[in-house]
Amino acid sequence: MGVFDRFARRSQEHPRHSYEDVPTQPTGYQQTASRLHAFNRYEIKYLLDEFKVPQLREALGEHMSADPYSPHGGYPVTSLYYDTPDLRFYWEKIEGLRFRRKLRMRLYGDPSDCTDETPVQIEIKQRVNRVTQKRRMALPYATARAWLDHREPPQSSGTERAFVDEVSTLIGNLDLRPIVTTGYLREAFVGRDADLGLRVTIDHRVHGRDRDFGFASGAQNRFIIPPRLAIVEIKANERVPYWVTDLAARIDMSVVRISKYCQSVQAFELAPRSRHGAPELSFDEFPSVSS
């Protein structure tokens, strides 16, 4: 039986209960995410040796501004990914389907500081041909866990109701459950003047785990790409400026088809490593992340 054939089995129905949402105000790193609720973008990803990051940072500073909530060296981002028992979303990415999506819970800030009241983002990220689309909403962590893990959707109204219904349908129909986390330190730069729709991020020390999914659990993480490499993402609303592609060529950034989620799945041997993966990402041992 093929992997997609196994998706046909129906998941058990879960009772639904209302859950009182606790309003939260975004602060610090959360303000970076809260400015965007739904958007479409083109994304290009690169790998870059860490020793070249200062050169990239200096060059970006000539055309862009540092995100005001992005300190030097980056802010922590932690994501918990949900998938089917047979990893449908993983295989859609590996097979390169023109339409694919994934569901994740994302925390901006130090995971050790996460409490039931800490705001997190519930996000559907999907790819339609070459365009990346995101839809998200912010909830307190306890509310988000009750929804995604225990099928207790939050109260919603207006435009949020459609999103809540879509996520609840995905969870129930596909029997989604937490699979892996990813984490990293992110530096962010935003365009100015003619490049207002441009955003560049640099992700350092990309790591993850396949158990103990509580953000503040303190569980051991392992690197899912070699720590000598950073992931650079160019995100543009319409077009990538010429100076960006020229810069990428000048400092020898390698375009790569990479998914942090897929890297984490493969690092913990939940699925075979893709034959299409970049050779720079292949290493036999995934060392633990030191504090």
Tell me which aspartates and glutamates have Cα within less than 19 Å of residue 235's Cα, excluding those fewer than 8 residues away on the same chain?
43, 58, 62, 67, 123, 187, 193, 195, 203, 246, 252
Going by average Cβ density within 10 Å per residue, which order do the peptides 162-170, 83-91 take, highest to lowest?
83-91, 162-170
Along the range 220-227, what does the Karplus equation 6.51 cos²θ - 1.76 cosθ + 1.60 (θ = phi - 60°) give for ³J(HN,Hα), rounded to whole Hz, x for Gly and Pro?
5, 9, 10, 5, 10, 9, x, x
Assertion target for 254, 259, 79, 112, ordered by fewest C-beta neighbours within 10 angstrom first, is 112, 254, 259, 79
Can you tell me which of 114-127, 176-189 comes out highest on packing, and rank the rest after it, using the mean Cβ neighbours within 10 Å?
176-189, 114-127
With +1 at each Lys and Arg Cβ and -1 at each Asp and Glu Cβ, the charge dipole magnitude of the range 134-220 around its Cα centre, to the nearest 20 debye, comes out at 100 debye
Cα-centred dipole magnitude for the range 20-281, charges only on beta-carbon of K, R (+1) and D, E (-1), debye, nearest 20:
800 debye
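Bear in mind that the values in this text are calculations on the coordinates, not laboratory data. Remember, it's a predicted structure, so these values are computed and weren't measured experimentally. Neighbour counts run over all protein chains shown; Cβ positions are idealised from the backbone, glycine included.
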